[in-house]
Amino acid sequence: YFAKSASGPLTNKKILVTAGPTHEPLDPVRYIANRSSGKQGYAIAAALRNLGADVTLVTGPTSIALPAGINTVRVETAREMMAASEAALPVDCAIMCAAVADYRPSIETDHKIKKERGGLTNIPVAENPDILKTVSQLQTNRPRLVIGFAAETDDVLCYAEAKRKRKGCDWIVANDVSPGADCPMGGERNEIILITDKGDENWPQMPKDEVARRLAVRIGEALAGPSLV
Ligand code: CTP
Ligand code: CA
């Protein structure tokens with residue numbers, strides 16, 4: 001069940017959401033990946049849809065149901081996610097929730113690598129394209145509002161603020177993924193810090209759906225106002 005509002009604060013707004021992990025194949029049975037259930041990204045896509053947005057969801061492989069009423073593009077690798085994201089432009093807002101693998105094996109073979117031949121102890125890698133950075137720094141077609149995620153341990157706020165500047169995005173949604181009872185990875189709840197040009201906001205822990213709903217409202221407010229850049 002879903003309710004696409006006939007009109008809402010995001011009606012006529014096009015929004016790109018990336019979600020899930022990427023898988024970077026090494027051989028027919030092995031890949032490099034990041035940890036991501038896709039839950040927070042899918043919840044954000046659904047919340048934006050509920051406010052009337054025209055959402056394109058570019059998702060890596062997940063084991064959860066795709067949200068209904070959304071133009072969804074399924075991809076496997078970072079390079080496919082990059083291409084599908086670029087194909088979705090221009091958009092009013094882009095929100096990059098995906099846990100993109102930073103590196104891919106620079107060799108990929110149709111033949112299974114056998115460990116007894118030593119082929120798995122020193123895998124050559126190449127750096128993947130940075131989708132958030134590329135979209136944030138576009139000269140033409142840059143979305144008015146570009147939002148990144150930062151899943152960090154240790155000095156979460158410091159790392160996330162540096163990431164916002166380095167990537168050139170407008171907002172960062174930061175969270176602490178240190179292993180422990182409150183780790184959001186795979187769970188139903190999340191506790192975020194929203195970092196905008198106006199400062200940092202510590203949100204209390206709440207269900208991922210509620211984080212998504214509140215973020216969607218904030219995106220609606222931001223896109224209703226004057227240009228951010
Ligand atoms: N991201 C992306 N493309 C990549 C890597 C990251 O679009 N190749 C996006 C993620 O979707 C997220 C943000 O960038 O919105 C931050 O990702 P993160 O992995 O935290 O940043 P990195 O720059 O890869 O730094 P590191 O992993 O070393 O912390
Ligand atoms: Ca990374």
Practice item. Just add up the charged neighbours of A43: K/R +1, D/E -1, any other residue whose Cβ is under 14 Å from the Cβ of A43. Key: +3
Point to revise | Range of Cα positions in the chain per principal axis (Å), largest first | key: 60, 39, 35
Exercise for review: Place a +1 charge on the Cβ of each Lys and Arg in the stretch 1-99 and a -1 charge on the Cβ of each Asp and Glu, then give the dipole magnitude about the Cα centre in debye, rounded to the nearest 20.
Suggested key: 300
Check your understanding: Which loop GluC sites (Glu not before Pro) in the stretch 98-162, with loop taken from DSSP, have no more than 14 other Cβ atoms within 10 angstrom of their Cβ?
Key -> E108
Review point. In whole angstrom, how far apart do the alpha carbon centroids of the stretch 159-202 and the stretch 63-132 sit?
Key: 22
Point to revise | Coordinate range along principal axes, alpha carbons of the stretch 138-229, Å, largest first | key: 42, 26, 21
Point to revise | ³J(HN,Hα) computed for each position of the stretch 182-195 - Karplus, 6.51 cos²θ - 1.76 cosθ + 1.60, integer Hz, glycine/proline x | key: 8, 5, x, 4, x, x, 9, 10, 8, 10, 10, 10, 8, 10
Exercise for review: May I ask for the longest run of the chain untouched by trypsin sites (Lys or Arg not before Pro) that are loop-located per DSSP and have at most 14 neighbouring C-beta atoms (other than their own) within 10 Å?
Suggested key: 115-197
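A short reminder: the numbers here are calculations on the coordinates, not readings from a lab. In this text, all values refer to a predicted model and were calculated from it rather than measured experimentally. As a convention, Cβ positions derive from the backbone with ideal geometry for all residues, glycine included, and neighbour counts pool all protein chains shown.
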